[in-house]
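The values are calculated or read from the model by the stated rules, or taken from the named source; none is laboratory data. Note that this is a predicted model, so its numbers are computed, not measured. Here Cβ is always computed from backbone atoms with ideal geometry, including for glycine, and neighbour counts include all displayed protein chains. For the accessible areas, the whole protein counts, side chains as well, though only heavy atoms, and no ligand, DNA or RNA atoms are used. Shrake-Rupley method; radii C 1.70, N 1.55, O 1.52, S 1.80 Å.
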Amino acid sequence: MHRNIRTFVVIPSLPEPLEPLRQLAYNLWWSWTPPAADLFRRLDLELWRKVNHNPVALLQQIDQSRLEAASRDDAYMAQLLRVVDAFYIYMNGRTWFDEHYPQEKGSIIAYFSLEFGLHESIPIYSGGLGILAGDHLKSASDLGIPLAAVGLMYRQGYFQQQLTEDGWQLESYPPHDFHGWPVQPALDDKKQPVRITVMLGHYRLTAQVWRVQVGRVTLHLLDADIPENSPELRAVTGKLYGGDQLMRIRQEILLGIGGYRALRAVGITPSVCHMNEGHAAFLAIERVRQLMHEHQLSFRDAREAVAGGNLFTTHTPVPAGIDRFDPRLVEDQLGWMAGELGLDLRGLLAMGREDPGHAQETFCMPILALRMSYRSNGVSKLHGEVARGMWQSYWPQVPREEVPLIHVTNGIHTRSWTSAQMNELLEQYLGPNWAESPPDDALWQRIDSIPDAELWRVHVRCRERMIADVRNRVRDQLKRRGAPPAEVRAADEILDPETLTIGFARRFAPYKRATLLFRNPQRLAALLSDDQYPVQFIFAGKAHPADGAGKELIKQISAMCMRPEFRRRIVFLENYEMSMARELVQGVDMWLNNPLRLHEASGTSGMKVPPNGGLNLSCLDGWWPEAFNGENGWVIGDGRIYDDLGYQDHVEAESLYNLLEREIIPMFYRRTKENVPRAWLGRMKASMKTIVPAYSTNRMLRDYTTRMYLPALRRTRRFAEQEFSSAKTLATWKESLRAQWHQVRVTEVVAADKDVVKVGDQLEVRARVHLGSVKPEDVAVEAYFGPIGPGGEFTEGRAVPLKYANGDAGAEHWFAGTVPCSSSGQQGYAIRVVPNNEDLADRYDQGLVVWA
């Protein structure tokens, strides 16, 4: 029976003294501030756990009598007042950004991501990309960076994981009640919910905008699950990473185009837009469209103005992870945009193709982002190198090391992942602002002053608490599976609070090699069963619903956990999410990470362990090659890559076993009379000193600010002056240069006639260049030089400019300079000509390079 149900929202009735709890509940500042979270926990511990640490749901469901009792509790009210004072100071105090960049007051940077992992009470994330995005917002808040964020509000989010008795992963998607989350509708001036529309082919989708307050930063989330939309369109914000290619492109159109419109609808016009992966790249097109219509600019001029204010971060190290769409799908869903931009369909599709003239090439979202961005970056030093190689085909005439893609290494929001007990200890010895201190602060050397016994005692307590939590989780998952009572009771005996505990928790993708540890079961069993020096492992993670190989890995590990020799020493925890991740990183002694080299862009799970006194045992991939110094953890293998993957697994499994048997386990159990592992604590302290300050999102955001945000803000502001005159001038210059570039060629190279030179000598070089009608000041002529490998190509190189020497009245011009001979061996050089204009963000963006 159809009923016309009218809905309304009932809010908790708080006693007046507790009214500040309402404001605190709706600002996620509480999630990384232990005294604030403790206010909610103290109201009702069991309910706090039941609602998954959600303060809004807690206040909605708690018995009124408990609230009345808390309002009369002097100790509770004193803590509430202290927290409210701290919150006021945090929200209104002077920040790092205020102190260093007061001239940027009023600027807004928009940050777009398909997922955000802020807290388990807002489950709109799947894994590392989302967790990083959430930590990005928290550090932006801490530093006072003027950020506004945009994402999607998923009704079902990512799946809930449950394993069958034989270990096969099952997925379920229970719907979420947004009114029980720490989120609120965005309201317009008339106190009405803000809504935006976007065309998906011939269909108009309407989305409501929700707000999440993350300290000083506001996250805006778009929700299509509203009555105005058909069931098909309502599903666009149903599942994260669910559905087919049609669903994916619709989500990305809503994120990019709809997200930018949502910001404008709430009164925000960002100067700079940061795309966290290529999912949001359509925002660049929408920015061009709006600029064209609002300022009567041509597509060419608007694109030049917009590109200076776009930034792109790629997290993908392998081609298989790239978003590509069939051109017909783009035409069907986004074809309407071509007319808005004054382009034909071919022109629209060309924006997402490496070769704009290739009619059959797919539409690539990262290519669109690279083409429309001022600066782009990878997320670790190694990933920067990998990404430059992966995208070199977009710049075919550019040496790999010069591909314009820098790196900003990822980090973590340290306070979000550090246990309350460890935080208290570090505040005692390092000071209250330890987590925000930069890497070069002498404060970090004070870690050596922490008494070993004290540091060890805090870490052991965290491990004991983690083991208790793990047992509870195993007991619950056995009950859900319908296990017999005896098996459920046996969960109380798994793992040992005094044993070396190693964690492995992440997405279960084949390249992460979750089963590498089990390559030699007999050798592993010997390690686990050693009565004097045992070791134990905790596994957790989800496989993507469509990843059969990943599910098979989970099944294999589940089967291993059931073997008698492994049963009490290895566990697999179901439904890995943020609260479980915190428990694990705060309690394990060591974090295991063994991906195939060059397959992990960065990885951040291992960064969360050092603040809690844990150590890393990892292959040389992602962030670890730049973090490892020989004393702050261990390395599996030596970084070599073998063609035979089976042999690669064999070599690195042997390395893993050898490290455990010969170094790690003996060091952990080598104790003083006070039962303190001095050598192990030495590594713990080295890890904390070197990793915690350098691999935080506070350091990461400072890097983004100085290397990307500020240059983009300044460029955008300059290009908008005098009715976008600089953008128009540059666009005209580029168009003219493209039309004349065919005339440019190097006609002669003259150098000193020397086959052998000494280190320290200078090789004089002159080049005659035919420029035709191109002006000499519009080009840069360079000598690119460096060592030559066996294949006759540069193994690495750098360029030195050749200065204009002279020219005749015609088209021929001479340029001269010197090539430094700074190293011995076979060297070489080549002459090239590239565009030259101080306003170019990237001198290679037009693909105009001529080599001799």
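Some values worked out for this structure:
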quantity: Per residue accessible area in Å² of the chain, where ligands, DNA and RNA are left out and the probe is 1.4 Å; calculated: 41
quantity: Sorted largest first, extent of segment 338-430 alpha carbons per principal axis (Å); calculated: 64, 35, 21
quantity: Once the Cα gyration tensor of segment 734-851 is diagonalised, semi-axes √(5λ) in Å; calculated: 27, 17, 12
quantity: Percent of beta bridges antiparallel (DSSP, the chain, rounded to nearest 5); calculated: 55
quantity: Relative contact order (%) - criterion: Cα under 8 Å, at least six apart; region: segment 700-852; calculated: 24
quantity: Inter-centroid distance (Cα atoms) of segment 292-358 relative to segment 662-684, Å; calculated: 57
quantity: Sulfur and carbon atoms: percent of accessible area, segment 419-567 [1.4 Å]; calculated: 50
quantity: Rounded tilt (10° steps) of 74-92 against the dominant C-alpha axis of the chain; calculated: 0
quantity: Helical mean residue ellipticity (222 nm; -39500 (n - 2.57) per DSSP H run of 4+; nearest 500) of the chain; calculated: -11000 deg cm²/dmol
quantity: Charged-residue dipole, Cβ positions (Lys, Arg, Asp, Glu), the chain about Cα centre, Debye nearest 20; calculated: 1080
quantity: Whether segment 16-92 is rounded, prolate or oblate, judged on the alpha carbon gyration tensor where a/c under 1.5 counts as rounded; calculated: oblate
quantity: Inter-part distance where segment 248-288 and segment 94-135 are each reduced to a Cα centre, Å; calculated: 15
quantity: Apportionment of accessible area to carbon and sulfur, segment 16-92, percent (1.4 Å); calculated: 51
quantity: Partners for Lys754 among lysines (Cα-Cα distance below 26 Å; same-chain residues under 8 apart left out); calculated: Lys803
quantity: C-alpha long axis of helix 452-480 to longest principal axis of the chain, angle in °; calculated: 80
quantity: Nearest 10 degrees, 0 to 90: helix 282-295 Cα axis against the chain principal axis; calculated: 60
quantity: Alpha carbon centroid spacing (whole Å) that separates segment 707-763 from segment 799-852; calculated: 10
quantity: Residues of type aspartates and glutamates that Lys555 reaches as a straight line, Cα spacing below 16 Å, ignoring anything fewer than 8 places off in the same chain; calculated: Glu165, Asp166, Glu171, Asp547, Glu574
quantity: Violating pairs (Cα-Cα greater than 23 angstrom) within the set Lys608/Lys689; Lys50/Lys479; Lys608/Lys685; Lys608/Lys673; calculated: Lys608/Lys673
